[in-house]
Amino acid sequence: MSDQIFNVLFLCTGNSARSIIAEAILNRVGAGKFKAFSAGSHPKGEVHPYALQLLKTLNHDTSFARSKDWNKFAVPGAPEMNFVFTVCDNAANESCPVWPGQPMTAHWGVPDPAAVEGTEAEKHLAFADTYRMLNNRISIFTSLPMNTLDKLALQKRLDEIGRNLPKAG
């Protein structure tokens, strides 16, 4: 089990910012142990330019980044997910497809940086805050002792990660 690579799907409504950022973070932080994917219930069809700019500034590879429908991951032949995390409240309240393999799920909602109005600096700060919050959660997630936690204990930890939203600023 220690050599297993866990597949993780991050979901959001538009798949243009939060879920894309989470995918980039996990693919860096969890390299060799986790493989991240992202999708949306109603994908916008493009990644938010501020999300791409932030990821590039932080030296993330952005070649993976494209907005896609979550149904892509619920069809035969799709990668089987071990974990599915919603990162926006809208997606958490929607009826999700049935995921092959019955992955563990949790809600890790963070505010939508694309919804922030204000100056360019305030908008960029919102994306940086989103990155920080997701990075904190994903870092905790990747440090969990997957091989020693039973399913109930692991689910409890996943839910706790989602409830412990770090304070902005």
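The values are calculated or read from the model by the stated rules, or taken from the named source; none is laboratory data. Everything numeric in this text was worked out from a predicted model, so none of it was measured. For neighbour counting, all protein chains shown are included, and Cβ atoms are generated from backbone atoms with ideal geometry for every residue, glycine included. For the accessible areas, the whole protein counts, side chains as well, though only heavy atoms, and no ligand, DNA or RNA atoms are used. Shrake-Rupley method; radii C 1.70, N 1.55, O 1.52, S 1.80 Å.
What order do you get for 106-112, 66-72, 152-158 when each peptide is scored by the mean count of other beta carbon atoms within 10 Å, highest first?
Top to bottom by mean Cβ count within 10 Å: 106-112, 66-72, 152-158.
Highest GNM mean-square fluctuation, the chain, Cα pairs closer than 10 Å: which of ASP150, ASP61, ASP89?
Comparing ASP150, ASP61, ASP89 in a Gaussian network model of the chain, the most mobile one is ASP150.
Under the Kirkwood approximation for Rh and a Cα-based Rg, what ratio Rg/Rh is obtained for the chain?
On the way: Rg = 15.1 Å, Rh = 16.0 Å.
Taking Rg over the Kirkwood Rh, I get 0.94.
Measure off 7 Å from each Cα along the Cα-to-Cβ vector at ARG28 and SER139, then give the distance between these two points in nanometres to one decimal.
1.2
Could I have the simple spin-label model distance between ALA115 and ILE5, label points 7 Å from Cα toward Cβ, reported in nm to one decimal?
Simple spin-label model gives 3.5 nm for this pair.
For the chain, return all DSSP H helices satisfying: extent of Cα atoms along own axis at least 27 Å; mean Kyte-Doolittle hydropathy at least 1.0.
none
Order the peptides 36-42, 126-132, 74-80, 140-146 from the highest to the lowest mean number of other Cβ atoms within 10 Å of their residues.
So the order, starting with the most tightly packed, is 36-42, 126-132, 140-146, 74-80.
Taking only protein heavy atoms and a 1.4 Å probe, what accessible area per residue, in Å², does the chain have with all protein chains in place? Mind showing how you got there, number by number?
Numbers: 8570 Å² over 169 residues.
Here the per-residue accessible area is 51 Å².
Taking all protein chains in place and a 1.4 Å probe, what share, in percent, of the accessible surface of the chain do carbon and sulfur account for?
With neighbouring chains kept in place, the figure for the chain is 52 percent.
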